[in-house]
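A quick write-up on the structure given underneath.
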Amino acid sequence: MLRFEVSVEDLLRSRFALSPAMDLCFLLRSLASQDRPLPRAWATRLLPAFERLRRESDLNAALALHTPQSGPNFVAPPPRGLNQTWADDLAIIRATPLEAARHEIATNATGPSARDPRVRAVLDSTDAVSRIAEAMDQAWHELLATDWPQLRALCERDVVHRVGVIGEHGWVTTIESLHPSIAWQAGGIEIGHFPQVGTVRLAGDGLLLIPSVFVANIAAHLEDPWPRTLIYRARGTAAERAS
(Lines give C-alpha, C1' and ligand atoms only; values in the text may rest on other atoms or scores of the structure.)
Protein backbone atom coordinates (compact mmCIF):
# COMPACT_ATOMS: atom_id res chain seq x y z
CA MET A 1 0.00 0.00 0.00
CA LEU A 2 1.05 3.57 -0.70
CA ARG A 3 0.10 6.30 1.77
CA PHE A 4 0.41 10.06 1.29
CA GLU A 5 0.50 12.10 4.51
CA VAL A 6 -1.58 15.18 3.72
CA SER A 7 -1.89 18.50 5.55
CA VAL A 8 -4.32 21.38 5.01
CA GLU A 9 -1.49 23.25 3.28
CA ASP A 10 -1.04 20.30 0.94
CA LEU A 11 -4.69 20.47 -0.07
CA LEU A 12 -4.40 24.19 -0.78
CA ARG A 13 -1.42 23.54 -3.04
CA SER A 14 -2.78 20.47 -4.83
CA ARG A 15 -3.59 21.03 -8.50
CA PHE A 16 -4.48 19.39 -11.79
CA ALA A 17 -2.41 19.20 -14.97
CA LEU A 18 -2.39 17.43 -18.33
CA SER A 19 0.54 15.45 -19.72
CA PRO A 20 0.52 14.65 -23.44
CA ALA A 21 3.94 12.98 -23.12
CA MET A 22 2.72 10.74 -20.32
CA ASP A 23 -0.28 9.60 -22.34
CA LEU A 24 1.98 8.95 -25.33
CA CYS A 25 4.19 6.76 -23.14
CA PHE A 26 1.17 4.86 -21.82
CA LEU A 27 -0.08 4.35 -25.39
CA LEU A 28 3.30 3.06 -26.57
CA ARG A 29 3.52 0.69 -23.61
CA SER A 30 0.06 -0.66 -24.40
CA LEU A 31 0.91 -1.17 -28.06
CA ALA A 32 4.07 -2.99 -26.99
CA SER A 33 1.93 -5.14 -24.65
CA GLN A 34 3.64 -3.91 -21.49
CA ASP A 35 0.40 -2.59 -20.03
CA ARG A 36 -3.31 -3.27 -20.34
CA PRO A 37 -4.10 -4.07 -23.99
CA LEU A 38 -5.85 -1.44 -26.07
CA PRO A 39 -9.42 -1.97 -27.25
CA ARG A 40 -9.46 -3.96 -30.49
CA ALA A 41 -10.54 -1.01 -32.63
CA TRP A 42 -7.63 1.10 -31.44
CA ALA A 43 -5.11 -1.71 -31.76
CA THR A 44 -6.29 -2.60 -35.27
CA ARG A 45 -5.97 1.01 -36.36
CA LEU A 46 -2.64 1.85 -34.71
CA LEU A 47 -0.56 -1.35 -34.69
CA PRO A 48 0.49 -1.23 -38.38
CA ALA A 49 1.94 2.28 -37.99
CA PHE A 50 3.45 1.35 -34.61
CA GLU A 51 5.24 -1.69 -36.06
CA ARG A 52 6.46 0.36 -39.02
CA LEU A 53 7.88 2.99 -36.66
CA ARG A 54 9.68 0.26 -34.75
CA ARG A 55 11.32 -0.85 -38.00
CA GLU A 56 12.06 2.53 -39.54
CA SER A 57 12.79 4.83 -36.59
CA ASP A 58 14.57 4.68 -33.24
CA LEU A 59 11.31 3.99 -31.39
CA ASN A 60 12.61 0.66 -30.03
CA ALA A 61 15.26 2.60 -28.11
CA ALA A 62 12.56 4.68 -26.44
CA LEU A 63 10.56 1.53 -25.67
CA ALA A 64 13.62 -0.15 -24.15
CA LEU A 65 13.65 2.52 -21.44
CA HIS A 66 10.34 1.29 -20.02
CA THR A 67 9.73 -1.56 -17.62
CA PRO A 68 6.30 -2.90 -16.59
CA GLN A 69 6.53 -0.81 -13.41
CA SER A 70 8.34 2.36 -14.44
CA GLY A 71 10.13 4.44 -17.02
CA PRO A 72 12.57 7.34 -17.31
CA ASN A 73 11.56 10.84 -16.30
CA PHE A 74 13.17 12.62 -19.21
CA VAL A 75 10.77 11.19 -21.83
CA ALA A 76 7.74 12.30 -19.77
CA PRO A 77 8.67 15.57 -18.01
CA PRO A 78 6.46 16.99 -15.25
CA PRO A 79 3.67 19.09 -16.79
CA ARG A 80 3.33 22.70 -15.73
CA GLY A 81 -0.45 22.94 -15.89
CA LEU A 82 -3.63 22.32 -17.84
CA ASN A 83 -2.31 24.07 -20.95
CA GLN A 84 0.59 21.66 -21.47
CA THR A 85 1.05 20.71 -25.13
CA TRP A 86 3.11 18.09 -26.91
CA ALA A 87 5.32 20.90 -28.23
CA ASP A 88 6.00 21.95 -24.62
CA ASP A 89 6.88 18.38 -23.65
CA LEU A 90 9.05 17.80 -26.71
CA ALA A 91 11.08 20.95 -26.07
CA ILE A 92 11.80 19.80 -22.51
CA ILE A 93 12.73 16.29 -23.67
CA ARG A 94 15.13 17.68 -26.28
CA ALA A 95 16.75 19.94 -23.67
CA THR A 96 17.64 17.00 -21.38
CA PRO A 97 21.38 17.07 -20.58
CA LEU A 98 23.14 14.00 -21.95
CA GLU A 99 24.55 12.99 -18.57
CA ALA A 100 21.10 13.09 -16.96
CA ALA A 101 19.70 10.96 -19.78
CA ARG A 102 22.57 8.50 -19.50
CA HIS A 103 21.93 8.07 -15.79
CA GLU A 104 18.28 7.21 -16.47
CA ILE A 105 19.23 4.96 -19.39
CA ALA A 106 21.60 3.02 -17.15
CA THR A 107 18.90 2.68 -14.50
CA ASN A 108 15.99 1.73 -16.75
CA ALA A 109 17.35 0.09 -19.91
CA THR A 110 18.18 -3.25 -18.32
CA GLY A 111 15.81 -5.66 -20.08
CA PRO A 112 16.45 -7.94 -23.06
CA SER A 113 15.32 -5.31 -25.59
CA ALA A 114 18.09 -2.95 -24.44
CA ARG A 115 20.69 -5.53 -25.50
CA ASP A 116 19.60 -5.47 -29.13
CA PRO A 117 22.61 -4.07 -31.06
CA ARG A 118 20.55 -1.46 -32.92
CA VAL A 119 18.90 -0.28 -29.71
CA ARG A 120 22.19 -0.29 -27.81
CA ALA A 121 23.81 1.84 -30.50
CA VAL A 122 21.16 4.52 -29.99
CA LEU A 123 21.26 4.41 -26.20
CA ASP A 124 25.07 4.66 -26.12
CA SER A 125 25.34 7.40 -28.74
CA THR A 126 26.26 11.00 -28.01
CA ASP A 127 23.01 12.12 -29.65
CA ALA A 128 20.80 9.63 -27.77
CA VAL A 129 18.51 12.38 -26.44
CA SER A 130 17.78 13.91 -29.84
CA ARG A 131 17.28 10.49 -31.47
CA ILE A 132 14.84 9.35 -28.79
CA ALA A 133 13.03 12.71 -28.93
CA GLU A 134 12.72 12.46 -32.72
CA ALA A 135 11.33 8.91 -32.49
CA MET A 136 8.78 10.01 -29.92
CA ASP A 137 7.80 13.00 -32.05
CA GLN A 138 7.22 10.69 -35.02
CA ALA A 139 5.14 8.41 -32.80
CA TRP A 140 3.10 11.36 -31.55
CA HIS A 141 2.23 12.59 -35.03
CA GLU A 142 1.48 9.15 -36.48
CA LEU A 143 -0.29 7.52 -33.53
CA LEU A 144 -1.87 10.16 -31.31
CA ALA A 145 -1.96 13.68 -32.77
CA THR A 146 -5.17 13.19 -34.77
CA ASP A 147 -7.11 11.92 -31.76
CA TRP A 148 -5.54 14.19 -29.17
CA PRO A 149 -7.93 17.19 -29.43
CA GLN A 150 -10.88 14.92 -28.63
CA LEU A 151 -8.98 13.05 -25.90
CA ARG A 152 -7.67 16.30 -24.41
CA ALA A 153 -11.21 17.64 -24.24
CA LEU A 154 -12.20 14.50 -22.34
CA CYS A 155 -9.43 15.11 -19.80
CA GLU A 156 -10.37 18.78 -19.49
CA ARG A 157 -14.01 17.82 -18.81
CA ASP A 158 -12.77 15.45 -16.14
CA VAL A 159 -10.90 18.26 -14.39
CA VAL A 160 -13.96 20.53 -14.53
CA HIS A 161 -16.00 17.74 -12.96
CA ARG A 162 -13.45 17.09 -10.20
CA VAL A 163 -13.19 20.78 -9.34
CA GLY A 164 -16.97 20.86 -9.03
CA VAL A 165 -16.87 17.87 -6.68
CA ILE A 166 -14.25 19.64 -4.55
CA GLY A 167 -16.50 22.67 -4.28
CA GLU A 168 -19.61 20.67 -3.44
CA HIS A 169 -18.32 17.72 -1.42
CA GLY A 170 -14.68 18.47 -0.54
CA TRP A 171 -11.32 16.87 -1.18
CA VAL A 172 -12.03 13.54 0.55
CA THR A 173 -14.84 12.64 -1.84
CA THR A 174 -12.82 13.86 -4.82
CA ILE A 175 -9.71 11.86 -3.99
CA GLU A 176 -11.63 8.69 -3.17
CA SER A 177 -13.47 8.92 -6.50
CA LEU A 178 -10.22 8.67 -8.48
CA HIS A 179 -9.88 4.89 -8.06
CA PRO A 180 -11.66 2.13 -6.11
CA SER A 181 -8.52 1.31 -4.10
CA ILE A 182 -8.16 4.86 -2.70
CA ALA A 183 -9.36 5.68 0.81
CA TRP A 184 -8.90 8.74 3.03
CA GLN A 185 -7.72 7.43 6.37
CA ALA A 186 -6.59 9.41 9.42
CA GLY A 187 -5.33 12.48 7.57
CA GLY A 188 -3.81 10.61 4.67
CA ILE A 189 -4.50 9.12 1.25
CA GLU A 190 -4.10 5.33 1.18
CA ILE A 191 -3.91 3.51 -2.16
CA GLY A 192 -4.26 -0.23 -1.88
CA HIS A 193 -3.55 -0.85 -5.57
CA PHE A 194 0.19 -0.51 -5.04
CA PRO A 195 2.42 -3.08 -3.35
CA GLN A 196 4.06 -2.19 -0.04
CA VAL A 197 5.53 1.21 -0.91
CA GLY A 198 5.19 2.89 2.47
CA THR A 199 4.42 6.46 3.54
CA VAL A 200 5.24 9.56 1.51
CA ARG A 201 4.99 13.00 3.10
CA LEU A 202 3.90 15.81 0.82
CA ALA A 203 5.55 18.34 3.16
CA GLY A 204 3.33 21.23 2.13
CA ASP A 205 3.99 20.88 -1.61
CA GLY A 206 0.59 19.43 -2.45
CA LEU A 207 -0.34 16.65 -4.83
CA LEU A 208 -0.32 16.84 -8.61
CA LEU A 209 -3.35 15.11 -10.17
CA ILE A 210 -3.24 14.12 -13.85
CA PRO A 211 -6.20 12.62 -15.72
CA SER A 212 -5.06 10.17 -18.39
CA VAL A 213 -6.71 8.44 -21.32
CA PHE A 214 -4.31 5.50 -21.51
CA VAL A 215 -3.16 4.80 -17.95
CA ALA A 216 -3.78 1.10 -17.30
CA ASN A 217 -5.07 1.55 -13.75
CA ILE A 218 -3.62 4.21 -11.49
CA ALA A 219 -0.02 5.37 -11.39
CA ALA A 220 2.12 7.50 -9.09
CA HIS A 221 5.31 9.55 -9.29
CA LEU A 222 7.18 9.70 -6.00
CA GLU A 223 10.65 10.98 -6.93
CA ASP A 224 12.18 14.23 -8.14
CA PRO A 225 12.03 16.04 -10.52
CA TRP A 226 8.31 15.24 -10.44
CA PRO A 227 6.14 16.58 -7.64
CA ARG A 228 4.31 13.82 -5.81
CA THR A 229 1.75 12.78 -8.39
CA LEU A 230 -1.27 10.57 -8.97
CA ILE A 231 -2.19 9.71 -12.56
CA TYR A 232 -5.72 8.40 -12.82
CA ARG A 233 -8.17 7.28 -15.52
CA ALA A 234 -10.24 10.19 -16.84
CA ARG A 235 -14.01 9.82 -16.67
CA GLY A 236 -15.55 8.64 -19.94
CA THR A 237 -12.29 7.13 -21.16
CA ALA A 238 -13.71 3.68 -21.84
CA ALA A 239 -16.40 5.07 -24.15
CA GLU A 240 -13.95 7.24 -26.08
CA ARG A 241 -11.38 4.46 -26.50
CA ALA A 242 -14.00 2.00 -27.68
CA SER A 243 -15.10 4.29 -30.50
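In Å, the Kirkwood hydrodynamic radius of region 127-228 over pairs of distinct alpha carbons?
The answer is 16.4 Å.
Under 14 Å from a label point 7 Å along Cα→Cβ of ALA216: give me every residue in region 172-204 with its amide N that close.
194-195
Can you give me the orientation-averaged projected area of the convex hull built on the Cα atoms of region 155-209, in nm²?
Over all viewing directions, region 155-209 projects a mean Cα-hull area of 4.5 nm².
I'm a student and want to see the number: the projected area of the Cα convex hull of region 45-110, averaged over all directions, in nm².
5.9
Extension gain GLU5-ARG40, at 0.36 nm per residue separation less the Cα-Cα distance, in nm?
Going from the current span to full extension adds 8.6 nm.
Can you tell me the order of 130-140, 113-123 when each peptide is scored by its average per-residue count of other Cβ atoms within 10 angstrom, highest first? If you can, show how the numbers build up before the last one.
Working: 130-140: 21.2, 113-123: 14.9.
Going by the mean number of other Cβ atoms within 10 Å, highest first, we get 130-140, 113-123.
Of all DSSP beta bridges located in region 168-243, what percent are antiparallel, nearest 5?
Antiparallel bridges make up about 60 percent of those DSSP assigns within region 168-243.
Putting +1 on Lys and Arg Cβ atoms and -1 on Asp and Glu Cβ atoms, find which of GLN150, HIS193, VAL163 reaches farthest to the positive end of the dipole of region 149-222.
So the residue we want is GLN150.
Where in region 128-170 is the amide nitrogen less than 13 Å from a point lying 7 Å along the Cα-to-Cβ axis of SER113?
What the label zone holds, given the 13 Å backbone N cut-off, is 136.
Could you give the spread of the C-alpha atoms of the chain along their three principal axes, from largest to smallest, in whole angstroms?
Dimensions of the chain along the principal axes of its Cα atoms: 53, 39, 30 Å.
Counting DSSP beta bridges in the chain, what percent are antiparallel, to the nearest 5? Could the numbers behind the result be given before it?
Working: 12 of 23 bridges.
Percentage antiparallel, nearest 5: 50.
Rolling a 1.4 angstrom probe over the protein heavy atoms, how many square angstrom per residue are accessible across the chain?
Accessible area per residue: 46 Å².
Of the heavy-atom accessible surface of the chain (probe 1.4 angstrom), what whole percent is carbon and sulfur?
Answer for the chain: carbon and sulfur cover 54 percent of the accessible area.
Count charges around ALA183 for me, please; just the other residues with Cβ under 13 Å from its Cβ, Lys/Arg as +1, Asp/Glu as -1.
-1
Would you calculate, for the chain, the mean residue ellipticity at 222 nm contributed by helices, counting each DSSP H stretch of 4 or more residues as -39,500 (n - 2.57) and dividing by all residues, to the nearest 500?
Values: 11 runs with 113 residues, N = 243.
Value at 222 nm, helices only, nearest 500: -14000 deg cm²/dmol.
Between THR173 and ARG201, what length in nm is gained on full extension when 0.36 nm per residue of separation is reduced by their alpha carbon distance?
Roughly 8.0 nm would be gained on extension.
The values are calculated or read from the model by the stated rules, or taken from the named source; none is laboratory data. Values in this document were obtained by computation on a predicted structure and should not be read as measured data. Heads up, the Cβs are rebuilt from the backbone with ideal geometry, glycines too, and the neighbour counts pull from every protein chain shown. Surface accessibility is based on the protein's heavy atoms, side chains included, excluding ligands, DNA and RNA. Shrake-Rupley method; radii C 1.70, N 1.55, O 1.52, S 1.80 Å.
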